[in-house]
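Engineer: After the structure tokens below, expect a handful of questions from me.
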Amino acid sequence: MKLVAFVSDYRMSVDTLDRLKPEKLGIILVQNGVYHATTKENGNPSSLLNYSADYFVLQEDLETRGYTSSDVDGKVKVISLGDVVDLIFNDYEKTAWL
Amino acid sequence: MATTKLGFVVQRPPYKSENPKLALTHAIASQSVEIYLEDGDLVTADIAFVGDGVLNCKKDQKALETYGLSSTESHIKMSLLLDLNVLVCKEDLEKFGMTENDIVIDAEEFGAEVEVKVVPFDEISKMMEEMNHLLFF
């Protein structure tokens with residue numbers, strides 16, 4: 001299964017991502033999920049970036065919160081809403097909203 | 001003559017919910033209740049950003065351009081225009097690797113004379129002790 005998961009919170013109280021074992025995993029950081037891509041706590045990047053996954057962050061939600069592409073962790077690709085649609089239709093079979 | 005002191009403590013990051021912005025709109029609105037008060041009575045509002053709430057203070061927010069929303073940054077500036085006491089927790093800011101350069105500090109463009117104060121949590125704690133009512137967002 002090729003799964004893309006939307007992460008919309010900075011503090012996550014569930015471990016769903018640990019339990020999912022898709023053959024291909026994409027993680028799209030949206031809304032307050034963008035802080036996983038921009039924010040280091042005590043110098044450490046978010047542990048959410050430790051999965052074997054392709055990471056994306058929504059540009060509109062980054063800019064809304066005062067960040068730019070230059071603030072984003074190197075693992076994460078900045079994408080537009082149009083790119084999100086392309087990913088859903090072309091690269092992944094299922095979506096999940098966490 | 002009495003002064004009622006309101007303290008608004010913002011602990012959550014912005015935008016996912018309206019919650020943090022409500023702290024600011026409530027604090028701003030508290031300054032328009034004069035018509036309901038006796039002569040000489042006052043309502044003051046202090047706002048403190050702690051924990052993940054300090055992320056509300058990031059400058060250069062583009063909420064209006066991207067989603068047509070007034071930004072949390074602009075609400076903070078409106079608070080400064082009304083001379084509200086706006087505090088940001090120094091320790092929590094440093095935890096995120098942020099400095100005063102990363103956050104909104106003043107609202108000179110609107111003519112505000114007061115600035116956001118980055119202070120140790122002890123000072124925020126002291127402010128909370130002085131308040132008559134504390135509201136957490």
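Engineer: From the list B:5, B:62, which one is within 14 Å of chain A (Cβ to nearest Cβ) and among the basic types (Lys, Arg)?
Structural biologist: Testing whether each residue is within 14 Å of chain A (Cβ to nearest Cβ) and among the basic types (Lys, Arg) leaves just B:62.
Engineer: Next question. Since residue B:97 meets every condition but one in (1) in contact with a Lys or Arg (Cβ under 7 Å, 6 or more places away or on another chain); (2) in contact (Cβ under 8 Å) with a residue 12 or more places away in the chain, which condition does it not meet?
Structural biologist: (2)
Engineer: Now for a different question. Out of B:92, B:83, report the one residue that is closer than 23 Å to residue B:32 by Cβ, more than 9 Å from chain A (Cβ to nearest Cβ), out of contact with any Leu (no Cβ under 8 Å at 6 or more places or on another chain) and among the charged types (D, E, K, R).
Structural biologist: B:83
Engineer: Please go through (1) touching a Leu at 6+ places or on another chain (Cβ under 6 Å); (2) modelled with pLDDT of 95 or more; (3) more than 22 Å from residue A:42 (Cα to Cα) for residue B:124 and return the number of the only condition it doesn't satisfy.
Structural biologist: (3) is the only condition that residue B:124 fails.
Engineer: Further question: Would you point out which residue out of B:101, B:132 is more than 14 Å from every other protein chain (Cβ to nearest Cβ) and either surrounded by 15 or more Cβ atoms within 10 Å (Cβ to Cβ) or not basic (Lys, Arg) (or both)?
Structural biologist: Being more than 14 Å from every other protein chain (Cβ to nearest Cβ) and either surrounded by 15 or more Cβ atoms within 10 Å (Cβ to Cβ) or not basic (Lys, Arg) (or both) holds for just one of B:101, B:132, which is B:132.
Engineer: Then there's this: Collect the residues in region B:64-105 that are of a type in the set (Val, Ile, Thr) and either over 19 Å from residue B:12 (Cβ atoms) or modelled with pLDDT under 95 (or both), keeping them in residue-number order.
Structural biologist: B:66, B:99, B:105
Engineer: If you take just the helices (runs of 4 or more DSSP H) that sit entirely in region B:43-121, which of them hold at least 3 residues that are touching a Ser or Thr at 6+ places or on another chain (Cβ under 7 Å) and on the phi < 0 side of the Ramachandran plot?
Structural biologist: Helices (runs of 4 or more DSSP H) meeting the threshold: B:63-67.
Engineer: Let me ask you something else. Give the residues of region B:23-63 that are at pLDDT below 95, over 19 Å from residue B:107 (Cβ atoms) and not β-branched (Val, Ile, Thr), sorted by residue number.
Structural biologist: Within region B:23-63, B:34, B:36, B:37, B:38, B:39, B:40, B:41, B:42 meet the criteria.
Engineer: Got a sec? Which of B:58, B:21, B:77 is touching a Gly at 6+ places or on another chain (Cβ under 6 Å) and either over 17 Å from residue B:128 (Cα atoms) or buried (at least 22 other Cβ atoms within 10 Å of the Cβ) (or both)?
Structural biologist: When all the criteria are applied, what remains is B:58.
Engineer: Let me ask you something else. Scan region B:24-41 for residues that are surrounded by 11 or more Cβ atoms within 10 Å (Cβ to Cβ) and farther than 20 Å from residue B:78 by Cβ and report the count.
Structural biologist: Total meeting the criteria: 2.
Engineer: Another one. Pairs needed: first member in region A:42-60, closer than 14 Å to residue A:75 by Cα and without any contact (Cβ under 8 Å) to a residue 40 or more places away in the chain; second member anywhere, of a type in the set (Phe, Trp, Tyr) and buried (at least 17 other Cβ atoms within 10 Å of the Cβ); C-beta distance under 7 Å; at least 6 residues apart or different chains.
Structural biologist: What qualifies is A:49/A:55.
The values are calculated or read from the model by the stated rules, or taken from the named source; none is laboratory data. Keep in mind the model is a prediction, meaning the values are calculated, not measured. Because the Cβ atoms are built from the backbone with ideal geometry, glycine has one as well, and the counts that use them run over all protein chains shown.
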